[in-house]
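Asks: Once you've had a glance at the structure underneath, I'll fire off some questions.
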Amino acid sequence: MRTQVAIIGAGPSGLLLGQLLTRQGIDNVIVERRGGDHVLSRIRAGVLEQGMVDLLDEAGVSLRLHREGIVHEGFTLAFAGRRHRIDMKGLTGGKTVTVYGQTEVTRDLMEARQVAGASTIYNAENVAVRDFESVSPRVSLTKDGMPTEISCDFIAGCDGFHGVCRQSVPLHAFQEFQRSYPFGWLGLLADVPAASHELVYANDERGFALCSMRSTTRSRYYIQVPLETKIEDWSDEQFFAELRLRLPPDVAANVTTGPSLEKSIAPLRSFVVEPMRFGQLFLAGDAAHIVPPTGAKGLNLAASDIRYLFDAIVEFYLEKSTVGLDTYSTRALARIWKAERFSWWMTSVLHKFPGNSPFDERMQRAELEYVEKSRAASTVVAENYVGLPY
Ligand code: APR
Ligand code: PHB
C-alpha cells in the first residue's frame, strides 16, 4: 500500500491531522491498534481553547461543537474558605474557552473521516515504523492475520504516550524531561446537572477537587486521591460525600448525586521529549508530551502540534519547501513548554502534597493570595488558561 502520510493512532491528534490532510487532498492512512469503539470509550478532558475551536472549524467538523458546546468566560479558584473568579473574558480582551468533551471531538472526527471515505485500519497488530530516517519510510502491521506494509513520504506519530513511534527512536537521538506527582485524580461522570455554571478548582485541606461538566445535564467531577488508591475503594456515595467536603459550602449544597456512568483514576505526570522530529517521523500530541490535567492543556497542545505539522506538510507538497518541516519541533516545543509550565503551576498550587513542609504550605497559599489580590497575576492565569497564541 502507498500513501503520502501514514498516521499512527486514531485519537484526537491522528484524526484531526487526517481530516485536515484529506480536505487538502493529501492522501493519508490512519493505523490504529484498538477498535473505534474502544477509542470512543476513553473519557478524557473537555475544555477547548479558541485555537482548537478554530482548527475544528477549518477541519469542517465543528457543527455539533457550536450547537452543543458551552462557552465559558471564567472559572473559580476556591481556597482557605474564599473564592476568586478568574474573569478570562475581561482579563484577556474577550477570549473564552468552550466546554465540549474530547469524546465528542473524537466522534465528530471519526464520522467526518467515514463520510470522506478516508482509510483507517483499526485493530492493527504488530505496528512498526521503519526507515523513517530515509526518504522512504514504511509502516508494517498485521491486520486479521495478514501482514501489510505501507510506504509513505511521512509518518505522523500520533500514538500517544504508550505508542510505538517514540519507542522506535534510538535512545541517543532524544532527551526526555519528566516529573511524576505524588497523587492521582479519581474522576466520575454522571448524568446530573452541574453544581456550578462555571468550573470550580478547589484547594482544600483534604485535597484537590474539580467541578466540571460535559453539558447542562452531564457533570464531570474529580478528587485528588493517593497514588495507591484502587477504584473499588470508592463507591459513588463515598465519592460525592468526599467531593462535597472539599467544595465551598454553597457549591457543595448544589451537587446533585447520581449513578456514575464512568469512574476512573489517572496518575498525574509532566513529560516532554525533545526533539519531536526524527527524519520523516514527526511526533504529535501525547506521543511527545503529557501534562497534568489541572490546566486542561492535553487536548489543546495536541491541536497546536497538528496545526504546525499540517501547515508544514501542505507547504512541502504545495511549495516544495521544507522550512515548516525543519522548524516543526522548535515551534511546537516553544508552545508546549509554556503549557507544561502552566499545568505544573496549577498542579503545584492546587493540590495537597504529601510531605510538604510548613514553608511549602505558606508558598502555596501566597501564590493563591497573590492571584486573588493582583490583576496582573490573575491575567497571567487567564491568558494561559484560554491558550497562548499559536
Ligand atoms: N499502533 C497504532 N496505534 C496505537 C499504538 C500503536 N502501536 N499505540 C497507541 N496507539 C493508539 C491508541 O490506541 C490511541 O487511540 O494511538 C492513539 C493515541 O491517542 P491519545 O492517547 O488520545 O493521544 P492523542 O491523539 O495525542 O490525544 C491527546 O488524548 O489522552 C488524551 O489527555 C490526552 O487530551 C489529550 C489527548
Ligand atoms: C474535564 O472537564 O474533564 C476537565 C476540565 C478541566 C480540567 C481537567 C478536566 O482542568
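Asks: Six or more apart or on different chains, Cβ atoms under 8 Å: show the pairs whose first residue is in segment 320-332 and within 19 Å of Ala302 (Cα to Cα) and of a type in the set (Ser, Thr, Tyr) and whose second is assigned to a helix (DSSP H, G or I) and modelled with pLDDT of 95 or more.
Replies: Thr327/Ala312; Tyr328/Tyr308; Tyr328/Leu309; Tyr328/Ala312
Asks: Continuing with the same structure: Of these, Gly285, Gly355, which one is open to solvent by less than 10 Å² (accessible area, probe 1.4 Å) and at positive phi? Show your work before the answer.
Replies: Details: Gly355 fails: open to solvent by less than 10 Å² (accessible area, probe 1.4 Å).
When all the criteria are applied, what remains is Gly285.
Asks: Looking at Ser304, Ser343, Ser348 in this structure, which one is within 27 Å of Gly74 (Cα to Cα), more than 16 Å from ligand 1 (Cβ to nearest atom) and touching a residue at least 12 places away in the same chain (Cβ under 8 Å)?
Replies: Values: Ser304 fails: more than 16 Å from ligand 1 (Cβ to nearest atom); Ser343 fails: more than 16 Å from ligand 1 (Cβ to nearest atom).
Being within 27 Å of Gly74 (Cα to Cα), more than 16 Å from ligand 1 (Cβ to nearest atom) and touching a residue at least 12 places away in the same chain (Cβ under 8 Å) holds for just one of Ser304, Ser343, Ser348, which is Ser348.
Asks: What is the number of the single condition among (1) within 15 Å of ligand 2 (Cβ to nearest atom); (2) open to solvent by less than 10 Å² (accessible area, probe 1.4 Å) that Leu141 does not meet?
Replies: (1)
Asks: So, one more: Of everything in segment 358-390, what is touching a residue at least 12 places away in the same chain (Cβ under 8 Å), among the hydroxyl-bearing types (Ser, Thr, Tyr) and open to solvent by 20 Å² or more (accessible area, probe 1.4 Å)? Give them in sequence order.
Replies: Of everything in segment 358-390, those that are touching a residue at least 12 places away in the same chain (Cβ under 8 Å), among the hydroxyl-bearing types (Ser, Thr, Tyr) and open to solvent by 20 Å² or more (accessible area, probe 1.4 Å) turn out to be Thr379, Tyr390.
Asks: Regarding Gln224, is this residue touching a Phe, Trp or Tyr at 6+ places or on another chain (Cβ under 7 Å), open to solvent by 40 Å² or more (accessible area, probe 1.4 Å) and touching a residue at least 40 places away in the same chain (Cβ under 8 Å)?
Replies: On the way: touching a Phe, Trp or Tyr at 6+ places or on another chain (Cβ under 7 Å): yes; open to solvent by 40 Å² or more (accessible area, probe 1.4 Å): no; touching a residue at least 40 places away in the same chain (Cβ under 8 Å): yes.
For Gln224, the condition - touching a Phe, Trp or Tyr at 6+ places or on another chain (Cβ under 7 Å), open to solvent by 40 Å² or more (accessible area, probe 1.4 Å) and touching a residue at least 40 places away in the same chain (Cβ under 8 Å) - is not met.
Asks: Right, another one. When residues of segment 173-219 are filtered for being closer than 17 Å to Thr294 by Cβ, away from ligand 2 (no atom under 12 Å from the Cβ) and of a type in the set (Val, Ile, Thr), how many remain?
Replies: Number satisfying all stated conditions: 0.
Asks: Considering (1) within 16 Å of ligand 2 (Cβ to nearest atom); (2) open to solvent by less than 20 Å² (accessible area, probe 1.4 Å); (3) within 28 Å of Lys263 (Cβ to Cβ), say which one Leu109 fails and leave the rest.
Replies: Every listed condition holds for Leu109 apart from (1).
Asks: Here's a follow-up. So which helices (runs of 4 or more DSSP H) are wholly in segment 219-320 and hold at least 2 residues that are within 22 Å of the chain's Cα centre (by Cα)? Outline the logic, then answer.
Replies: Working: elements: 236-246, 249-253, 298-319.
In segment 219-320, 298-319 are the helices (runs of 4 or more DSSP H) which contain 2 or more residues that are within 22 Å of the chain's Cα centre (by Cα).
Asks: Right, next: Report, ordered by the first and then the second residue, all pairs with beta carbons closer than 6 Å, sequence separation of six or more or different chains, a first member in segment 154-183 that is modelled with pLDDT of 95 or more, and a second member that is within 16 Å of ligand 1 (Cβ to nearest atom) and among the charged types (D, E, K, R).
Replies: Short answer, once both residue conditions are applied: Gly160/Asp286; Phe161/Asp286; Cys165/Asp159; Ser180/Arg269.
Asks: A further question follows. Looking at segment 146-165, which of its residues are open to solvent by 20 Å² or more (accessible area, probe 1.4 Å) and not in a loop (DSSP other than H, G, I, E, B)?
Replies: Selection gives Met146, Pro147, Thr148, Glu149, Ser151.
Asks: If you don't mind, there's one more thing I want to ask. Restricting the search to segment 100-132, which residues are among the aliphatic types (A, V, I, L, M) and assigned to a helix (DSSP H, G or I)?
Replies: The initial filter retains those residues of segment 100-132 that are among the aliphatic types (A, V, I, L, M), namely 105, 109-110, 112, 115-116, 118, 121, 124, 127-129.
Of everything in segment 100-132, those that are among the aliphatic types (A, V, I, L, M) and assigned to a helix (DSSP H, G or I) turn out to be Val105, Leu109, Met110, Ala112, Val115, Ala116.
Asks: Filter segment 29-66 down to residues that are among the β-branched types (Val, Ile, Thr) and over 19 Å from Asp159 (Cα atoms) and give me whichever is surrounded by the fewest Cβ atoms within 10 Å (Cβ to Cβ). Before the answer, list the steps.
Replies: Residues of segment 29-66 among the β-branched types (Val, Ile, Thr): 29-31, 39, 43, 47, 53, 61.
This time we only want the ones that are over 19 Å from Asp159 (Cα atoms), so: 47, 53, 61.
Details: Val47: 25, Val53: 22, Val61: 24.
Ranking the candidates gives Val53 first.
Asks: Inside segment 42-64, can you point out the residues that are among the hydrophobic types (A, V, I, L, M, F, W, C) and touching a Ser or Thr at 6+ places or on another chain (Cβ under 7 Å)? Lay out the reasoning, then the answer.
Replies: Of the residues in segment 42-64, the ones among the hydrophobic types (A, V, I, L, M, F, W, C) are 43, 45, 47-48, 52-53, 55-56, 59, 61, 63.
Passing the criteria: Ile43, Leu48, Val53, Leu56.
Asks: Can you tell me which residues in segment 295-307 are surrounded by 24 or more Cβ atoms within 10 Å (Cβ to Cβ) and either in contact with a His (Cβ under 8 Å, 6 or more places away or on another chain) or more than 22 Å from Gly184 (Cβ to Cβ) (or both)?
Replies: Leu301, Ala303, Ser304, Asp305, Ile306
Asks: Right, something else. Name, by its number, the condition in (1) within 16 Å of ligand 2 (Cβ to nearest atom); (2) free of Cβ contacts under 8 Å to residues at least 60 places away in the same chain that does not hold for Gly11.
Replies: (2) is the only condition that Gly11 fails.
The values are calculated or read from the model by the stated rules, or taken from the named source; none is laboratory data. Source: prediction; values computed, not measured. So basically every Cβ, Gly included, is an ideal-geometry build from the backbone, and we count neighbours across all protein chains shown. Accessible surface areas use protein heavy atoms only, side chains included; no ligands, DNA or RNA. Shrake-Rupley method; radii C 1.70, N 1.55, O 1.52, S 1.80 Å.
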